[in-house]
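Structure record follows, encoded as structure tokens.
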Amino acid sequence: METTVMDPNAVGAAAEAYNLSMWGLFMRADLIVKTVILLLMMASFWSWAIIFDKVIRMRRLEKQTTEFEDNFWSGGSLDDLYDRVGTRPQHPMSAVFAAAMREWRRSVSKGRFSAGGGVQESLQQRIERVMQVAVGREMERLERYMIFLASVGSTAPFVGLFGTVWGIMNSFQSIGATHNTSLSVVAPGIAEALFATALGLVAAIPAVIAYNKISSDLSRYANRLESFSGEFSAILSRQLEEGR
């Protein structure tokens, strides 16, 4: 049985001729594979932009929220704290606080504070509803673009797989057209296919990890807002019972 030994110089020349670098693979790929590669690269870039933005924002929110809670529980006047927060709160917890105090002040200014128990109960319900709406609105803002991370994490591997299948099809077409199974014929299409697969994983893996981590952080922050709303509602309820 005769064994064929490939000349290393010939292999090197073939690799150089077809340029198996990432840029060379992209430039040699057909339109479909190029489109897949560009989509995956853009998805990866946008995912990392969202990840950095969310991580930085959550760290800033944790710091701001802790400072606000320290001021809230310091024993100072709620009216003074509301005046400092103003009409443009800087973070979700201050927004929930401002929404409740706004409704409180509006009712006090109309003289409903000293009304009967039915009116006071209605005021308590309105304040709780206002805080629930504020919590929902602020969490919706924080969760913006999270659906994109989830979509990239779940679909990017399949998009890369599509590019893989297309690249392998091109390899078989090249074999059929040239009746040649040498490395110089098969390698470019296979390399394009593996490149698309790698990009799909590069886009999907960070998106999945970041989505799980950021979702967990957002869930804890939402519970923190809910706890604050309940405690603040209890404080206002006591003031209603005491007639302020």
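The values are calculated or read from the model by the stated rules, or taken from the named source; none is laboratory data. Only a predicted model underlies this, so the values are computations on that prediction, with no experimental measurement involved. Here the Cβ is made from the backbone with ideal geometry for all residues, glycine too, and neighbour counts use every protein chain on show.
Here are the numbers:
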quantity	calculated
Residue selected from segment 152-170 under the condition touching a Ser or Thr at 6+ places or on another chain (Cβ under 6 Å) and among the β-branched types (Val, Ile, Thr), by the criterion modelled with the lowest pLDDT	Thr164
Looking only at segment 213-244, and only at residues there that are part of a helix (DSSP H, G or I) and basic (Lys, Arg), the one that is nearest to Ser122 (Cα to Cα)	Arg238
Residue that is surrounded by the most Cβ atoms within 10 Å (Cβ to Cβ) [pool: residues in segment 26-60 that are touching a helix residue (DSSP H, G or I) at 6+ places or on another chain (Cβ under 7 Å) and more than 30 Å from Ile168 (Cα to Cα)]	Lys54
Criterion: modelled with pLDDT of 80 or more, closer than 30 Å to Ala99 by Cα, surrounded by fewer than 18 Cβ atoms within 10 Å (Cβ to Cβ) and under 13 Å from the mean Cα position of the chain (by Cα) - qualifying residue of Arg126, Arg137, Arg141, Arg220	Arg141
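Residue by residue, here is whether (1) in contact with a strand residue (DSSP E or B) (Cβ under 8 Å, 6 or more places away or on another chain); (2) closer than 21 Å to Gly153 by Cβ; (3) in contact (Cβ under 8 Å) with a residue 24 or more places away in the chain holds:
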site: Ile190; (1), (2), (3): no, no, no
site: Ala193; (1), (2), (3): no, no, yes
site: Ala198; (1), (2), (3): no, yes, yes
site: Lys213; (1), (2), (3): no, yes, no
site: Leu218; (1), (2), (3): no, yes, yes
site: Glu226; (1), (2), (3): no, no, yes
site: Glu231; (1), (2), (3): no, no, no
site: Leu240; (1), (2), (3): no, no, yes
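One line per residue, one yes/no per condition, for (1) at pLDDT 85 or above; (2) not in a helix (DSSP H, G or I); (3) not basic (Lys, Arg):
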{"site": "Phe52", "(1), (2), (3)": "yes, no, yes"}
{"site": "Val55", "(1), (2), (3)": "yes, no, yes"}
{"site": "Lys63", "(1), (2), (3)": "yes, no, no"}
{"site": "Thr66", "(1), (2), (3)": "yes, no, yes"}
{"site": "Gly76", "(1), (2), (3)": "no, yes, yes"}
{"site": "Leu81", "(1), (2), (3)": "yes, no, yes"}
{"site": "Gln90", "(1), (2), (3)": "yes, yes, yes"}
{"site": "Ser94", "(1), (2), (3)": "yes, no, yes"}
